[in-house]
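A.B. asks: Provided herewith is a single structure, encoded as structure tokens, for subsequent inquiry.
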Amino acid sequence: MIKRFIYSQKVAPYVFVLPFILVFTIFWAYPLLDSFEMSFQKVALGQESNWVGFANYEKLLGDKIFLKALANSAIYMILTLVILIPFPMMFAVLINSKLMWGREFFKASFFFPALTSVVVAGTIFRLMFGEMEGSLINSFLSLFGIEPIKFLKGQVTGFVALLALATWRWTGVNMLYFLSGLKNIPDDYYEAAAIDGASKWQQFTRITIPLLKPTSIYVLTISIYAGLAMFIESMMLWNGNNSPKNIGLTIVGYLYRQGIEKNNLGYAAAVGIVLLAITMIINVTQLSISGLFKKEDQS
């Protein structure tokens, strides 16, 4: 009876998806629901939790530090989208070109930073953008007669350092995504376009970009999430979660500050739920605009 049940064709599909369902339920669904409930409570380790309703969310609306962290994360996300989508795409097109030599070398060179620990990378970039005259960036600027800049103590210069780290680390990863998308575009399209007299730019804009749309949507989706969820890079760059005037504080960093550093778990849960809501709204909106949810016409 048991053997017949296990080998049943009706049961087999559920057996295969059971591990995913268990992992999803235990490590994602349950923590999410528990955090949602916690966001309506005042919770601290070693203390009894109290139901406070929407007090945590009301407090967020007037919390200037949270709004600062939200603005920092939004600006970081937008700037990374501007940098880490078009440039990796262009690099992918160049590397995929038949005239490109040393293709595998450049692939490995671009991807290597992603294999580096973010802790190590953040420490290196903190030293590079240090305010001492001997730091790498200031040493380079001194060649042009520019005085040493305190990069990590200013809003704009701090973001320059943060974006430099993000660009160095993630350009190769996004480039490989676009390379995989380019492999799915038949060469016949380009050959036919060349016969019709289309220039390289016309082939890029009318063939490559439209056919890379699925890859572009995927890269855009994960980049939005990565931009809003960024934390470790900022923490390592400023050697802690307390940057000057909170210029490097992100939403996740503020969640960490409230939940771990201040033991205010209920308020931290509210921050996390707001972050999830913002991420979902932005991604669902851009996926809807891109037409991902539209049903294909059936002929």
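A.B. asks: Tally up the carbon and sulfur contribution to the accessible surface of the chain as a whole percent, 1.4 Å probe, everything protein left in place.
C.D. replies: Carbon with sulfur: 69 percent of the solvent-accessible area.
A.B. asks: Shifting gears a bit: Under a 10 Å cutoff between Cα atoms, tell me which one of TYR256, TYR14, TYR190 has the largest fluctuation in the Gaussian network model of the chain.
C.D. replies: It is TYR14.
A.B. asks: Under a point-charge model restricted to the Cβ atoms of Lys and Arg (+1) and Asp and Glu (-1), what is the dipole moment magnitude of the chain relative to its Cα centre, in debye to the nearest 20?
C.D. replies: 320
A.B. asks: Next question. Over the chain, with the other protein chains present, what is the accessible area per residue in square angstrom, probe 1.4 angstrom?
C.D. replies: 63
A.B. asks: Hey, in the GNM for the chain with a 10 angstrom Cα cutoff, which one of ALA44, ALA29, ALA74 fluctuates hardest?
C.D. replies: ALA29
A.B. asks: Related question: Please go through the residue pairs LYS200/LYS294; LYS107/LYS213; LYS107/LYS183; LYS42/LYS68; LYS150/LYS262; LYS98/LYS183 and name each one whose alpha carbons sit more than 20 Å apart in this structure.
C.D. replies: LYS200/LYS294; LYS107/LYS213; LYS42/LYS68; LYS150/LYS262
A.B. asks: To continue, here is another question. Could you tell me the distance between the Cα centroids of region 222-299 and region 122-196, to the nearest Å?
C.D. replies: 22
A.B. asks: Connecting C-alpha atoms closer than 10 Å in a GNM of the chain, tell me which of PHE140, PHE36, PHE20 has the biggest fluctuation.
C.D. replies: PHE20
A.B. asks: Give the relative contact order (percent, whole number) for the chain; include only Cα pairs under 8 Å separated by 6+ residues.
C.D. replies: Computed over the chain, the figure is 27 percent.
The values are calculated or read from the model by the stated rules, or taken from the named source; none is laboratory data. Remember, it's a predicted structure, so these values are computed and weren't measured experimentally. So basically every Cβ, Gly included, is an ideal-geometry build from the backbone, and we count neighbours across all protein chains shown. These accessible areas exclude ligands, DNA and RNA; they are computed on the full protein's heavy atoms, side chains included. Shrake-Rupley method; radii C 1.70, N 1.55, O 1.52, S 1.80 Å.
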